[in-house]
Amino acid sequence: FPDLRRCVSAGAILPGPANDAFEERFGVELLDGYGITETSTMVAMNWPNSSRVAGSCGFAVTGVGVRVVDPATGVDVDPDIDGEVWVSGPGLMQGYFENPEATAEVLHNGWYRTGDLARRDTNGFLTISGRTKEMIIRGGENIYPAEVEEAVMHSPGVADAAVVAMPHDDLGEVPVVFVVPAQGSSVDPAAVKQAVRERLASFKVPAHVFTTDVIPRTGSGKTKRFQLQQDIPKQL
């Protein structure tokens, strides 16, 4: 593609290794952004020829307010701590059509509760870590699938990955990962777990590593985690 100048990714979390592989393959910047239908615009964006943080969707765009809060209290969390993203701005919706109950659940004093989880560093870079409903609670410890997937992608021979929750008698639930081997490669489950162990806390290491031909996704690129969860009994 000699005329390709720049690309933008949005719709789902883009792991850092996937971004790097794309840029190396095509020789152009792949800029990750974060947008929401209810705000009528992009919320955060990486900009051309500017500094970037691996896995981050960049800074809040001009005119859009972004907070990262404790979803239970609505209090802003400290930098580098995961919380729920709240957004305000001139493009914020007035509400859902003829659905005041759903509107009341997400709008709070001019802020939209996105249900997305993220952390923001001291320089203002925003990194999406998952959805509140996707969070896995293993024996009281919170695990965000996206951070585990990011670590798994550093394992040799892994082309794609998705983490889901599996019920556990003692811990409530544990993370398991489905991986797609790269063409001509095989995946070593021990190496996958080690890649996570080297980058994250031990309780975030997947209990099982399953191999699959493809990760099911929606047309916008979001992982169909419920479909993978239904496949777990076949893998055990």
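The values are calculated or read from the model by the stated rules, or taken from the named source; none is laboratory data. The shown structure was predicted, so the numbers you read here are calculated from the model rather than taken from an experiment. All Cβ positions, even for glycine, are placed from backbone atoms using ideal geometry, and neighbour counts span all protein chains on display.
Brief remarks follow.
- Scanning the range 94-103 for residues that are under 20 Å from the mean Cα position of the chain (by Cα) and surrounded by fewer than 16 Cβ atoms within 10 Å (Cβ to Cβ) turns up nothing.
- Apart from one condition, ALA190 fits all of (1) in a loop (DSSP other than H, G, I, E, B); (2) modelled with pLDDT of 95 or more; the exception is (1).
- Here GLY83, GLY33, GLY65, GLY55 are screened, and the one residue that is touching a residue at least 40 places away in the same chain (Cβ under 8 Å) and buried (at least 18 other Cβ atoms within 10 Å of the Cβ) is GLY55.
- Between ARG25, ARG52, the distinction of being in a loop (DSSP other than H, G, I, E, B), within 23 Å of HIS154 (Cβ to Cβ) and either assigned by TED's automatic domain parsing to the domain that holds GLY110 or in contact with a strand residue (DSSP E or B) (Cβ under 7 Å, 6 or more places away or on another chain) (or both) belongs to ARG52 only.
- Residue in the range 148-163 that is β-branched (Val, Ile, Thr), surrounded by fewer than 20 Cβ atoms within 10 Å (Cβ to Cβ) and within 23 Å of GLN235 (Cα to Cα) present: no
- For the residues ARG119, ARG113, ARG131, ARG138, the requirement of being touching a helix residue (DSSP H, G or I) at 6+ places or on another chain (Cβ under 9 Å), within 21 Å of LEU14 (Cβ to Cβ) and basic (Lys, Arg) singles out ARG131.
- Total residues in the range 118-137, condition surrounded by fewer than 19 Cβ atoms within 10 Å (Cβ to Cβ) and at pLDDT 95 or above: 4
- Residues of the range 202-225 classified as free of Cβ contacts under 8 Å to residues at least 12 places away in the same chain and surrounded by fewer than 13 Cβ atoms within 10 Å (Cβ to Cβ), total: 3
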